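Have a look at the structure below, then the notes.
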Amino acid sequence: MASVSPPSPSCSTIRTPVRRSPRTGGAFAVSELRRLKQRRAVLPPVAVSLGHVADVVRNDVEFLKNKIGIGIKWANVAFRVPEVTKSAEEVFWLRHLEDSASPPLEQPSLPQPSYSGLTGVDLLMADVKALEAYAGYIYCLSKMWSRPLPEVYDPQAVADYFNCRPHVVAFRLLEVFSAFMVAAIRLRTSSESDKGKKLEASGQKFGMVLKETMLHLGPTFIKVGQSLSTRPDLIGTETAKALSELHDRIPPFPWPEASKVIEEELGAPVESFFSQFSQETVAAASFGQVYRGRTLDGLDVAVKVQRPDLRHAVLRDIYILRLGLGVLRKIAKRESDIRVYADELGKGLAGELDFTLEAANASEFREAHSRFSYIRVPKVYQHLTRKRVLTMEWMVGESPTDLQAITTGYSENDTQSHERQKLEARRRLLDLVNKGVEATLVQLLDTGILHADPHPGNLRYTTSRQIGFLDFGLVCRMERKHQLAMLASIVHIVNGDWSSLVEALGDMDVTKPGVNTRRFTLDLELALGEVELKNGIPDIEFTKVLSKIVQVALKYQLRMPPYFTLVLRSLACLEGLAASGDPNFKTFEAAYPFVVQKLLTENSAATTKILHSAVLNRKKEFRWERVALFLSKSSVRKGSPLVTPSRDETSVHSSSNQTDKDVDTVSLVMKLLASKDGVVLRRLLMAANGTSLIRTFISKEAHAIRQKLCTMVADTLYQWMVGISGVNSLKFISLPDPPPSSGTNITVKDFKSLIEDKRVRVILRKILESTKSDRVLTLKFGLTSFVMFLTASALACHRFVISVSEGYVNYLSLSAPVALRT
């Protein structure tokens, strides 16, 4: 029996129209209208806003970009678009006309008109010579098209090259203008859709758009973005965080292009020089990217390969920047040529394009800083280095960016272990910052070879607690007079000595002859005089001080020296890193102990002059508040001659976590006077006014100094009594141990060497001879010294008697050893 199944849902059914009577038609229409009204009431209203439209358009654009990108990839492979693009680029840049072997051309001079006493034949011959000269001139112009870009930056040669290619400059200007216009439109549309969101989110969005724009515009703009990322105080924290990705998150170029560059430079395939070579990019920078390899000798190396066709792109942007500064100079009607800033940038970037120069810089930097154990510089392998390929020792270490990410990271899995990781990462980051400050001061004031681009991507914190430097394409070499002037300027800024600061700026080639020094000094005092002091040190970043000096110099239309810009950039990178590790970090506070130690230990006429101007007035009298500041700042820095370091101290630390501020400066000075490092202090005392020293010593304000000196002499006399009495040799009496020796305690040996030192005797004799004319002062000094000696002797005798009595009582007590009793 067949069963009847219901119709399948997949089959379509045709409804038979129902015939209704005319009477029921009106009621049916009314019911349908009511039903439609009910449906409209149930449906929610559709809200249309500009933000919703922007999101829809953005999603459509992303969809189209993905589909178009797939089509472009297929077309690149099918129609060999890269090869065609390369050929078109050669034609666009007119590189097929360039001849690298073309000799330098001298522009012929045009004939000068002269008609006196000439016949028709003479005029005809003159016309022929003129035509010959014009033909030579046109030939010279035609030959300019064949001249390539110079290997070493030359503003005139670069201008001649791009004057023959105005279409290249025009297209680049259009590209830059359109890129920033697109960025502005993106920010405008996103601001409409992100209304009501936090300010940090808008800053992050601005930073991301700016980063993508810099990436799109190429290496020169990436360099600018890297410099801006180190100044969160200028562009904001969120924007600086977004731009910091330009240090190590730049898209790499393909491996085939990199291998082609290596083969062209080394003259053989990669396998001929390396047993292992990773095709994965380790790091991509603005000018090149790094691969890890292993030489045939089994050494791990880092191979840096330059991006293809980089020189033309960089020098084109420098030329455009130079044109812009020239226009700005005419608009502002400035007498000084501000185009030199573009020239300095061009010289630096052109130097970075030649990896052989970078290799030479790295070797020189390594040799100059080899005596500093906390600085690490990788070794260069010269036989594997060419103009576009650089091979260096592989250095293992953490980048500051990684340490910052761990410090600010968040984890929900294991809170306790994650907190330990954060504390350890913060400790390593602060240690890196402290060593970075110390290394920069060494470069700036000692060796004179300054790493001018120490952004986080070029620094490493090694497992041996060293700071490693990478990328030596931009190195600043400072002259000795500039180093001393920088040293003097730091001291004068701390002391508020603005007239001496202007003299130091003259030695730094900032001020020129003819400048109104009086007005310049007043403007400097107005700009820097409002800086607050913290423990006698300006509570401000060093770069802000230099920026204020630059502002005042530009007001007088002064041109800053070339090295000054590089120093400012280097310190800006360092302070940006320090601020990320410690927001309360101040470079001035960290740098001043190094400056003081250098002045107190370097025995040269220049540093002695700076020290005398800092602590002595015109009457050769001591400025005791500055002397106290000098001694306190020098005593808090490990490695200083005023501090005796322990045996396990191997690293450099900042002044914030070292010795106590309450230091016995008297003992420190006494120890330094007889030491080999006390040459500068002894000369300073010889140059000082002896009468003022005696007056200060017997004054009420010096009561604490006399008391400390008296205690020190008492301790020395006590140790002398114990030694000559032979009490320690008696087994039945045990004296209490003396206080542990430290950098601030002086022993009998130190005191004896101080008394027997002929140099100290000469100083004391000179000071006493200066008071012969004032008998009253001499009498007061003798009486004060006698009272101090009596007090110290009484204290020493009292301590000796008490110590011997306690030892004898211990012998008689029950706690004494039984063996000694019998």
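Those residues that are touching an Asp or Glu at 6+ places or on another chain (Cβ under 7 Å), within 12 Å of Glu541 (Cα to Cα) and in a helix (DSSP H, G or I), I need them from region 580-612; list them, please.
The one that is touching an Asp or Glu at 6+ places or on another chain (Cβ under 7 Å), within 12 Å of Glu541 (Cα to Cα) and in a helix (DSSP H, G or I): Thr587.
Give the residues of region 342-376 that are in a loop (DSSP other than H, G, I, E, B), of a type in the set (Ser, Thr, Tyr) and free of Cβ contacts under 8 Å to residues at least 40 places away in the same chain, sorted by residue number. Let's see the steps before the verdict.
Filtering region 342-376 for residues in a loop (DSSP other than H, G, I, E, B) gives 354, 369-374.
Among the residues that remain, those that are also of a type in the set (Ser, Thr, Tyr) are: 370, 373-374.
Ser370 - this is the single residue of region 342-376 that is in a loop (DSSP other than H, G, I, E, B), of a type in the set (Ser, Thr, Tyr) and free of Cβ contacts under 8 Å to residues at least 40 places away in the same chain.
Please work out which residue is nearest to Glu175 (Cα to Cα), limiting yourself to region 298-336 and to residues that are outside the structural domain of Val396 (by TED's automatic domain parsing) and small (Gly, Ala, Ser).
The qualifying residue nearest to Glu175 (Cα to Cα) is Ala313.
Please give the number of the condition Lys752 fails out of (1) farther than 18 Å from Lys671 by Cβ; (2) surrounded by fewer than 16 Cβ atoms within 10 Å (Cβ to Cβ); (3) modelled with pLDDT under 80.
(1)
Among the numbered criteria (1) modelled with pLDDT of 85 or more; (2) in a loop (DSSP other than H, G, I, E, B), which one does Glu175 miss?
If we test Glu175 against (1) modelled with pLDDT of 85 or more; (2) in a loop (DSSP other than H, G, I, E, B), just (2) comes out false.
Residue by residue through region 283-326, note down the ones that are without any contact (Cβ under 8 Å) to a residue 24 or more places away in the chain and β-branched (Val, Ile, Thr).
Val290, the sole residue that qualifies.
Please verify whether Arg460 is of a type outside the set (Asp, Glu) and outside any helix (DSSP H, G or I), treating the condition exactly as stated.
Against the criterion (of a type outside the set (Asp, Glu) and outside any helix (DSSP H, G or I)), Arg460 qualifies.
Consider region 456-473. How many of its residues are more than 18 Å from Lys379 (Cβ to Cβ) and small (Gly, Ala, Ser)?
Selection size over region 456-473: 1.
Which members of region 328-341 meet the condition of being in a helix (DSSP H, G or I) and free of Cβ contacts under 8 Å to residues at least 60 places away in the same chain? Spell out how you get there, then give the answer.
Just the residues of region 328-341 that are in a helix (DSSP H, G or I), to begin with: 328-332, 340-341.
Hits for region 328-341 are Leu328, Arg329, Lys330, Ile331, Ala332.
Taking the residues in region 299-310 that are surrounded by fewer than 19 Cβ atoms within 10 Å (Cβ to Cβ) and modelled with pLDDT under 90 as candidates, determine which candidate is farthest from His383 (Cα to Cα).
Going through the qualifying residues, I end up with Asp309.
Give Thr778, Thr744, Thr791 a once-over and let me know the one that is at pLDDT 80 or above and in contact with a Ser or Thr (Cβ under 6 Å, 6 or more places away or on another chain).
On the way: Thr744 fails: at pLDDT 80 or above; Thr791 fails: in contact with a Ser or Thr (Cβ under 6 Å, 6 or more places away or on another chain).
Answer to the selection: Thr778.
Report yes if some residue within region 273-289 is farther than 30 Å from Leu577 by Cβ, at pLDDT 85 or above and among the β-branched types (Val, Ile, Thr); otherwise report no.
Step one: of region 273-289, the residues farther than 30 Å from Leu577 by Cβ are 273-277, 279.
Narrowing the set further to residues that are at pLDDT 85 or above leaves 273-277, 279.
So of that shortlist, the ones also among the β-branched types (Val, Ile, Thr) come out as none.
The answer is no; no qualifying residue exists.
Would you mind stating whether Ala488 is under 30 Å from Asp354 (Cβ atoms), small (Gly, Ala, Ser) and assigned to a helix (DSSP H, G or I)?
It is false that Ala488 is under 30 Å from Asp354 (Cβ atoms), small (Gly, Ala, Ser) and assigned to a helix (DSSP H, G or I).
Tell me which of these Thr281 doesn't satisfy, since it passes every other one: (1) assigned to a helix (DSSP H, G or I); (2) touching a strand residue (DSSP E or B) at 6+ places or on another chain (Cβ under 6 Å); (3) among the polar types (S, T, N, Q).
(1)
The values are calculated or read from the model by the stated rules, or taken from the named source; none is laboratory data. The shown structure was predicted, so the numbers you read here are calculated from the model rather than taken from an experiment. In this analysis, Cβ positions are derived from the backbone assuming ideal geometry, glycine residues included, and neighbour counts consider all displayed protein chains.
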